[in-house]
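What follows is a short report on a single structure.
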């Protein structure tokens, strides 16, 4: 029975995650929903509601987390950047250098609430590899830290 449970765990959790000490909360989990809800108001400020996220990376270790997301409209519809509140305020770059809908987020658990503490929209670099950020979030971004 233990052998079956171990094999089951290894199939569900990617080996790099085990080596790094983080895990990916499964779809439909309370943790995953709380992480998306923590960044949603920031994304809606830029893109306008409603927003959903295509998650391409999600890591949680203890009281820190990292997410790589693409903002989209419900059902996967693309966001018309020229029709967003962020564009109207001059906060959305449409030059093609960056893709504003791509979002990286670092989170911290505060009590029972996940808080989006650091985030970038359309970043063209790995901004979270910065020394002081790595010192706090190494558990979830250690593979990019110097």
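The values are calculated or read from the model by the stated rules, or taken from the named source; none is laboratory data. Everything quoted here is computed from the prediction, not taken from an experiment. FYI the Cβ positions are ideal-geometry reconstructions off the backbone, even for glycines, and counts take in every protein chain you see.
Computed values, structure above
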| read-out | value |
| --- | --- |
| Positions within the stretch 14-52 being closer than 24 Å to residue 103 by Cα, modelled with pLDDT under 95 and either in contact with a helix residue (DSSP H, G or I) (Cβ under 7 Å, 6 or more places away or on another chain) or surrounded by 11 or more Cβ atoms within 10 Å (Cβ to Cβ) (or both), in sequence order | 14, 17, 20, 21 |
| Of all residues making up the stretch 81-101, the number that are surrounded by fewer than 19 Cβ atoms within 10 Å (Cβ to Cβ), modelled with pLDDT of 95 or more and not in a helix (DSSP H, G or I) | 1 |
| So residue 77, is it within 30 Å of residue 24 (Cα to Cα) and either at pLDDT below 95 or surrounded by 11 or more Cβ atoms within 10 Å (Cβ to Cβ) (or both) | no |
| For residue 142: the one exception among (1) assigned to a strand (DSSP E or B); (2) closer than 20 Å to residue 22 by Cα | (1) |
| Hey, residue 126 touching a helix residue (DSSP H, G or I) at 6+ places or on another chain (Cβ under 6 Å) and touching a residue at least 12 places away in the same chain (Cβ under 8 Å) or not | yes |
| Counted residues, the stretch 79-107 - those being touching a helix residue (DSSP H, G or I) at 6+ places or on another chain (Cβ under 8 Å) and either under 18 Å from residue 44 (Cβ atoms) or in contact (Cβ under 8 Å) with a residue 24 or more places away in the chain (or both) | 15 |
| Only one of 43, 34 that is more than 20 Å from residue 22 (Cβ to Cβ) and assigned to a helix (DSSP H, G or I) | 43 |
